[in-house]
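To start, the structure under review is shown below, and the notes come after it.
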Amino acid sequence: MSSHTNGRYEGRFQARPAKPVQRLTGGILALVILLLSVTRLGAEAFKLLAYADVFIGGGRMLIYGDVNNVDLNLSAIPIYTEEPENPDGDYIIKLNDGTTIIYKGHTYELNRNLTTVLVLGIDHKIQTEKVVGNGGQSDAILLVGLDTSNGKTTLLNISREAYAEVEVYDPSGAYIGIVPEQITLAYAYGNARETSCENTLRSVSRLLYGLPISSYLAVDMDGIKEANEAVGGVTVKSLVSMTLPSGTELHEGDVIELHGHDLEWYIRTRGYDLEANQRRMERQKQYLTEFSKLAVAKAQDNLSFPVDLFSALSPFTVTDLDITDVAFLSSTFISHGAEFDFRTIEGTPDKLNGSTVLYLDEIDLFEAVLQMFYVQVD
């Protein structure tokens, strides 16, 4: 491994008891990217359910009401609790335990109207038998945030190779400690269902300075292929040259409609060089963007399409979302334009114990957190 250092992680990876995670209700669209498909024509019907849900739940969708401390820990940017004298370069002023931040002359407040869902693409089939350590890894990790006050939606694309704190468990499920690993491995230390998702959720939350995540959704490759066929296949302009399982010789720039194993090959295949996963993430982003366009069009023609799709995909998913969460958040998303922004985090790839790890740029990570979890108030 090279001499690359990242102060954010120095001294933080020590075996220690896992911190309890605040369990939060609420969620976002069931299947998020896969179900960014609820039509405007159905928005009013969803709103009726949503309003009833909010009334009964006492406004439970405002999930950050209890957040009172944000665990900022950066080495690249000095952190103060008041205006410093003679500052040198950029700095952060952390107020109200991090729920208020001043950065580059602007003030940001924690967005208490935000709800989030962690979406995982799993490289094994979602298992019915809960076997610890036998559930595969998360090839794709997306954190989706939706501002319930204005419908703004951001997708934070986290590399599976991101170097992060992962809770490690033995095959019996006994806790061992927190160690530095690729964040994709967090899913493996669980029962291939709920505890795998929850373990990954905790790793992502710690990476983002302890900010809570509402819910999770994991979908395996068979589920993605099922959704792909539900919209009739997705057409892309290839970002890579490769030979597909069907025998098709695909060249960069070719236009192709993806189905079945060819789809899986296009969005999952990667090489072994340091930049391989970043290139794959670009193909995944491209595919998800094109899929969502087709899904919206399908829903406009058939109001039952999202429900039918969710039902068809249930054998391939594990989630803690429920229909009332879907009703409220889908109506919010659709009524404000049904658009989303992708956000990735820059980093430096390197080899560690024979595997590629991505040391995330902590300034870019911090600014991504500001963009996603805070609102500029000045």
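The values are calculated or read from the model by the stated rules, or taken from the named source; none is laboratory data. None of these values were measured; they are calculated from a predicted model. All Cβ positions, glycine included, derive from the backbone under ideal geometry; neighbour counts span all protein chains shown.
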| task | Answer with yes or no whether I224 is among the β-branched types (V, I, T) and either part of a strand (DSSP E or B) or over 22 Å from F291 (Cβ atoms) (or both). | result | no
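Going residue by residue through region 112-122, is there one that turns out to be out of contact with any Lys or Arg (no Cβ under 6 Å at 6 or more places or on another chain) and farther than 27 Å from L72 by Cα? If you could, list the steps in order and put the result at the bottom.
The initial filter retains those residues of region 112-122 that are out of contact with any Lys or Arg (no Cβ under 6 Å at 6 or more places or on another chain), namely 112-122.
Next cut, farther than 27 Å from L72 by Cα only: 121-122.
Taking every residue of region 112-122 in turn, at least one turns out to be out of contact with any Lys or Arg (no Cβ under 6 Å at 6 or more places or on another chain) and farther than 27 Å from L72 by Cα.
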| Out of curiosity, is E181 out of contact with any Leu (no Cβ under 8 Å at 6 or more places or on another chain) and more than 30 Å from T348 (Cα to Cα)? | no
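Name the single residue that is surrounded by the most Cβ atoms within 10 Å (Cβ to Cβ) among those in region 301-323 being farther than 22 Å from L155 by Cβ and at pLDDT below 80. Spell out how you get there, then give the answer.
Within region 301-323, the first condition is being farther than 22 Å from L155 by Cβ, and the residues that meet it are 301-304, 307-308, 311-312, 314-315, 323.
Subsequent filtering for residues that are at pLDDT below 80 retains 301-304, 307-308, 311, 323.
Numbers: D301: 9, N302: 13, L303: 13, S304: 10, V307: 17, D308: 12, S311: 10, I323: 12.
So, considering only residues that are farther than 22 Å from L155 by Cβ and at pLDDT below 80, the one surrounded by the most Cβ atoms within 10 Å (Cβ to Cβ) is V307.
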| Which condition breaks for E252 when tested against (1) outside any strand (DSSP E or B); (2) over 20 Å from R279 (Cβ atoms)? | (2)
| said: Restricting to region 68-101, count the residues that are more than 27 Å from the chain's Cα centre (by Cα) and assigned to a loop (DSSP other than H, G, I, E, B). | reply: 12
| request: Hey, can you tell me all the residues within region 201-221 that are under 15 Å from V119 (Cβ atoms) and part of a helix (DSSP H, G or I)? | output: L201, S203, V204, S205, M221
| remark: Pairs returned, first residue in region 206-227 that is modelled with pLDDT under 95, second residue that is assigned to a helix (DSSP H, G or I) and among the acidic types (D, E), beta-carbon separation under 8 angstrom, 6 or more apart or interchain, are S215/D325; Y216/E198; M221/E264; I224/E264; K225/E264
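Being of a type in the set (D, E), in a helix (DSSP H, G or I) and either surrounded by 17 or more Cβ atoms within 10 Å (Cβ to Cβ) or in contact (Cβ under 8 Å) with a residue 12 or more places away in the chain (or both) narrows it down to one of E257, E290, so name that one.
Details: E257 fails: in a helix (DSSP H, G or I).
Of the residues listed, the single one that is of a type in the set (D, E), in a helix (DSSP H, G or I) and either surrounded by 17 or more Cβ atoms within 10 Å (Cβ to Cβ) or in contact (Cβ under 8 Å) with a residue 12 or more places away in the chain (or both) is E290.
How many residues are in contact with a Leu (Cβ under 7 Å, 6 or more places away or on another chain) and either in contact (Cβ under 8 Å) with a residue 40 or more places away in the chain or of a type outside the set (A, V, I, L, M, F, W, C) (or both) if we restrict to region 244-254?
Number of matching residues: 1.
So that you can scan it fast, the table gives a plain yes or no per residue for (1) under 30 Å from V318 (Cβ atoms); (2) surrounded by fewer than 17 Cβ atoms within 10 Å (Cβ to Cβ); (3) of a type outside the set (S, T, Y); (4) modelled with pLDDT under 95:
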residue: P84; (1), (2), (3), (4): no, yes, yes, yes
residue: D88; (1), (2), (3), (4): no, yes, yes, yes
residue: Y91; (1), (2), (3), (4): no, yes, no, no
residue: N96; (1), (2), (3), (4): no, yes, yes, yes
residue: T99; (1), (2), (3), (4): no, no, no, yes
residue: I102; (1), (2), (3), (4): no, no, yes, no
residue: G105; (1), (2), (3), (4): no, yes, yes, yes
residue: Y108; (1), (2), (3), (4): no, no, no, no
residue: T116; (1), (2), (3), (4): yes, no, no, yes
| message | Just to be sure I understand the filter: pairs with C-beta atoms under 7 Å, separated by 6 or more residues or on different chains, first member in region 356-378 and in a helix (DSSP H, G or I), second member of a type in the set (F, W, Y). Which pairs pass? | response | V369/Y209; L370/Y103; L370/Y108
